[in-house]
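Remarks on the structure that follows.
Read-outs: derived from the displayed coordinates by stated rules, not from any lab. Just so it is clear, the model here is predicted, and its values are computed rather than measured. Virtual Cβ from ideal backbone geometry, glycine too; neighbours counted across all protein chains shown.
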Amino acid sequence: MGNQPDGQNLLLTARRVLLEEILPILPDESRYMTMMMANAMGIAARELDAKKRSDLEEEKSLGLFLIEAGVELDQKVDCDHEGMLAELIRQRSIPDRWRQPLAEMLLALTRRKLQISNPKYLSM
Amino acid sequence: MDEMSDPSRIADFIAANARAENIQVTGFTKLSGGAIQNNHALSVVMDGGSCPGAHTFVVRSDAPSTIAASLTREQEFAVIKCAYAAGVTAPEPLWLCTDKSVIGQSFCVMRKVDGIANGRQLVRQELPDSEASALVRSLGQELARLHRIQPGSADLSFLKLPQPTAASARIRHYRGALDDISEPHPVLEWALNWLEDRMPSPLPLSLCHCDFRTGNYMVDKGRLTGILDWEFAAWSDPYEDLGWLCARSWRFGNVNKEVGGMGHKRDLFDGYANVTGVDVEPERVKYWEVMAMVRWAIIALQQAQRHLSGEETSLELALTGRMVPEMEFDVLNQCLTMEKTNG
């Protein structure tokens with residue numbers, strides 16, 4: 001338990017100041033860089049928020065998929081399931097009957113990443 | 001690049017090559033764009049020689065950071081000369097200087113073309129439909145003219161022939177690139193398997209631009225004026241260029257205009273077929289669009305690595321790395337849609 005306001009709150013507050021108070025007084029040529037800064041702060045804030053809630057859940061669902069697909073998992077909690085999945089796909093070790101669930105799982109994984117890096121992209 | 005702060009040595013080089021009696025520099029500015037190359041506009045007035053009068057040239061030299069896959073200035077100059085001679089609207093290549101004592105590195109001089117290349121600006125312009133159709137048709141014609149150049153017909157022996165096919169060589173290369181990146185990418189691994197399982201029958205190799213997209217061609221008053229940035233040119237499957245141009249990642253938000261956010265495939269394919277006499281196969285283009293998005297994802301990962309390694313600390317490079325899920329999302333959606341359509 002850290003001090004309050006937490007990192008997410010600080011980032012979002014600083015981002016709001018950047019966009020609402022600093023950006024309007026900056027010259028045009030600084031606009032692109034400032035928007036990139038705001039974007040980076042938004043991503044970092046959403047990532048902190050997601051970490052608070054779902055890191056373990058995400059690993060669990062990926063882990064469950066691998067177990068159901070017949071993969072023997074290292075039971076360590078910090079086992080890198082995404083790395084293992086990438087390796088299994090490269091080796092073509094996931095049985096073909098898991099084709100559809102695998103595609104769905106990869107889509108879900110990618111959606112979760114987009115929720116952090118660019119949620120607007122999901123509705124484009 | 002300190003050598004580039006004073007253009008007089010470049011001007012002297014130009015005067016010597018144009019056999020001008022006198023040359024006067026009237027303008028020298030750095031042009032935007034080009035993470036890998038430095039481009040400067042140089043305006044001069046020359047007396048006598050082969051091209052007297054006022055001219056504006058582009059001087060292209062290496063930027064501090066180079067990418068291993070890109071061509072040297074000398075090689076790029078040879079490629080542009082070859083494309084220009086084949087009737088492709090590339091900026092006219094004039095002189096190459098490989099003598100590093102002049103400005104510290106090789107550079108080439110090309111005639112400057114008018115217009116804008118910035119992808120966002122071009123897409124935002126919203127050309128009238130008839131102009132957009134004509135522009136996109138001309139993009140097809142340009143690619144078809146370029147693709148007429150084949151390994152036997154051009155002296156570009158420094159370009160390697162992909163083995164055994166262009167698609168399989170790309171897949172092998174991208175797997176190798178993923179091995180060099182510590183973070184796992186199951187979606188890209190999945191996409192590479194997908195591409196491997198669906199490789200179309202190979203076509204004869206052509207000279208491909210390999211970065212032919214909105215942002216790398218100049219448009220002035222709705223018309224194509226020049227195709228830029230030839231440093232990734234290679235012998236490849238001609239559909240690789242069509243796929244790169246149409247990939248969803250290069251539409252600058254204008255996703256319904258499949259050709260680089262500028263227009264429609266029917267016009268591109270019409271223009272292409274008009275020169276080659278052979279219809280474009282839309283499914284092949286879609287296959288190479290998937291290849292294009294995988295390639296762009298890998299380039300984005302490599303750009304993030306440049307930031308992470310400290311080679312070039314940059315917010316832009318860092319954020320490019322975080323764009324990868326966008327390409328992965330597009331890849332998955334396109335592959336799954338193609339599977340549904342084709343069974």
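Summary table
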| read-out | value |
| --- | --- |
| Environment charge at residue A:96 (Cβ cut-off 14 Å; Lys +1, Arg +1, Asp -1, Glu -1) | +1 |
| Per principal axis, descending, Cα span of region B:127-173 in whole Å | 43, 27, 13 |
| Size of charge dipole - region B:164-206 - debye, nearest 20, with Cβ of Lys, Arg +1 and Asp, Glu -1, no other charges | 240 |
| Principal axis dimensions, largest first and in whole angstrom, of region B:148-208 by Cα | 42, 24, 16 |
| Positive dipole terminus of chain B, leading residue within B:302, B:261, B:276 (C-beta point charges) | B:276 |
| Theoretical FRET efficiency, 1/(1+(r/R0)^6), r = Cβ-Cβ of residue A:61 and residue B:100, R0 51 Å, to 0.05 | 0.35 |
| Residue B:118 paired with residue B:278, simple spin-label distance in nm, labels 7 Å along Cα-to-beta-carbon | 4.0 |
| Distance histogram in 5 Å bins (all Cα pairs of region B:83-194, percent per bin) | 2, 8, 9, 12, 12, 14, 18, 16, 8, 1, 0 |
| Range of Cα positions in the protein assembly as shown per principal axis (Å), largest first | 80, 56, 45 |
| Average silhouette area of chain A, convex hull of alpha-carbon atoms, in square nanometres | 10.8 |
| Leading residue at positive end of dipole, chain A (Cβ point charges), from A:24, A:81, A:11 | A:24 |
| Region B:137-270, relative contact order [Cα under 8 Å, separation at least 6], % | 29 |
| Cβ-derived FRET efficiency at R0 45 Å, residue B:199 paired with residue B:26, nearest 0.05 | 0.25 |
| log₁₀ of I(q)/I(0) at q = 0.10, 0.15, 0.16, 0.25 Å⁻¹ - region B:226-315, Debye sum with one point per alpha carbon | -0.33, -0.67, -0.75, -1.32 |
| Debye, to nearest 20: dipole size of chain B, +1 on Lys, Arg Cβ, -1 on Asp, Glu Cβ | 460 |
| Greater than 30 Å apart at Cα, pairs in B:160/B:286; A:120/B:221; B:265/B:340; A:120/B:286; A:51/B:286 | A:120/B:221; A:51/B:286 |
| Helix axis angle, B:8-17 relative to chain B longest principal axis, alpha carbon, degrees | 90 |
| Rg(Cα)/(2.2 N^0.38 Å) for region B:81-149, N = residue count | 1.48 |
| Placed amide H near residue B:185: partners under 5 Å, 5+ positions off or other chain | none |
| Charge dipole magnitude, Cβ of K and R +1, D and E -1 - the protein assembly as shown, Cα centre, debye nearest 20 | 740 |
| For residue B:251, distant residues with modelled amide H under 5 Å away | none |
| Crossing angle, helix B:73-85 versus chain B [Cα axis fit, 0-90 degrees, rounded to tens] | 80 |
| Region B:21-27 - phi-based ³J(HN,Hα) in whole Hz, Karplus 6.51/-1.76/1.60, Gly and Pro as x | 6, 8, 9, 10, 7, 10, x |
| All-pairs alpha carbon distance profile, region B:158-288, 5 Å steps from 0, percent | 2, 9, 16, 22, 21, 17, 8, 4, 1, 0 |
| log10 of Debye I(q)/I(0), alpha-carbon scatterers only, for chain B at 0.07 Å⁻¹ | -0.31 |
| Approximate spin-label separation residue B:130-residue B:163, in nm, with each point projected 7 Å along Cα-to-Cβ | 5.4 |
| Most mobile of B:126, B:196, B:281 in a GNM of chain B (Cα contacts under 10 Å) | B:281 |
| Chain B: relative contact order as a whole-number percent, Cα under 8 Å and 6+ apart | 15 |
| Residues B:179, B:47, sorted so that the one with the fewest Cβ neighbours within 10 Å comes first | B:179, B:47 |
| Table column - 3J(HN,Hα) (Hz), region A:14-22, Karplus curve with 6.51, -1.76, 1.60, x for Gly and Pro | 5, 5, 5, 4, 4, 6, 8, 10, 8 |
| Footprinting exposure proxy for B:209, B:307 (fewest neighbouring C-beta atoms within 10 Å first) | B:307, B:209 |
